[in-house]
1. Inside region 41-52, can you point out the residues that are free of Cβ contacts under 8 Å to residues at least 24 places away in the same chain and open to solvent by less than 40 Å² (accessible area, probe 1.4 Å)?
2. Of all residues in region 79-89, which are closer than 18 Å to CYS44 by Cβ and buried (at least 18 other Cβ atoms within 10 Å of the Cβ)?
3. How many of the residues in region 53-87 are among the hydrophobic types (A, V, I, L, M, F, W, C), more than 16 Å from ILE36 (Cβ to Cβ) and over 10 Å from the mean Cα position of the chain (by Cα)?
4. How many residues, within region 1-35, are open to solvent by less than 70 Å² (accessible area, probe 1.4 Å) and of a type in the set (Val, Ile, Thr)?
5. Can you pull out the residues in region 1-14 that are of a type in the set (D, E, K, R) and without any contact (Cβ under 8 Å) to a residue 60 or more places away in the chain?
6. Within region 53-74, how many residues are in contact (Cβ under 8 Å) with a residue 60 or more places away in the chain and over 24 Å from VAL11 (Cα atoms)?
7. Tell me, yes or no, whether region 16-28 has at least one residue that is among the hydrophobic types (A, V, I, L, M, F, W, C), outside any loop (DSSP other than H, G, I, E, B) and touching a residue at least 40 places away in the same chain (Cβ under 8 Å).
8. Open to solvent by 30 Å² or more (accessible area, probe 1.4 Å), touching a Cys at 6+ places or on another chain (Cβ under 9 Å) and in a helix (DSSP H, G or I): which single residue out of GLU38, GLU93, GLU62 fits that description?
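The values are calculated or read from the model by the stated rules, or taken from the named source; none is laboratory data. Because the structure is predicted, anything quoted here is derived from the model rather than measured. Here Cβ is always computed from backbone atoms with ideal geometry, including for glycine, and neighbour counts include all displayed protein chains. These accessible areas exclude ligands, DNA and RNA; they are computed on the full protein's heavy atoms, side chains included. Shrake-Rupley method; radii C 1.70, N 1.55, O 1.52, S 1.80 Å.
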Amino acid sequence: MNDTLRRLAEVLEQRKQAAADSSYVASLHAKGLNKILEKVGEECTETLLAAKDCQQGGDKSELIYETADLWFHTLVMLSHLDLGPDDVLKELERRFDLSGLAEKAARAHK
């Protein structure tokens, strides 16, 4: 795993147990999954809008900034559910040699 992801995952795990008034991440965990999901949805929308702006000649740095926010809040969500970036990376690795079309077709038959 990328060192940045590993370090961030470690910090997120530490903040899970921290007092809600000690950090933003701790406050999200204290507010619960619904608040975390609300933030993921908000960041997803902002990322989509930044991508549309980028396609129309907008600033690419805004898309990068919003994508970082989306990834961050997604990692908070995973942490809240006792998962982490390694779990997602393992799934991506599993799919590496699969055809995307074949993988989707296999899911459709379940």
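1. Selection gives GLY41, THR47, ALA50.
2. Residues satisfying the conditions are SER79, HIS80, PRO85.
3. Residues of region 53-87 among the hydrophobic types (A, V, I, L, M, F, W, C): 54, 63-64, 68, 70-72, 75-78, 81, 83.
If we keep only those that are more than 16 Å from ILE36 (Cβ to Cβ) as well, we get 54, 63-64, 68.
Now restrict to residues that are over 10 Å from the mean Cα position of the chain (by Cα): 54, 63-64.
Adding up the residues that qualify gives 3.
4. 2
5. ASP3, ARG7, GLU10
6. 0
7. Yes: one or more hits.
8. That would be GLU62, the only listed residue that is open to solvent by 30 Å² or more (accessible area, probe 1.4 Å), touching a Cys at 6+ places or on another chain (Cβ under 9 Å) and in a helix (DSSP H, G or I).
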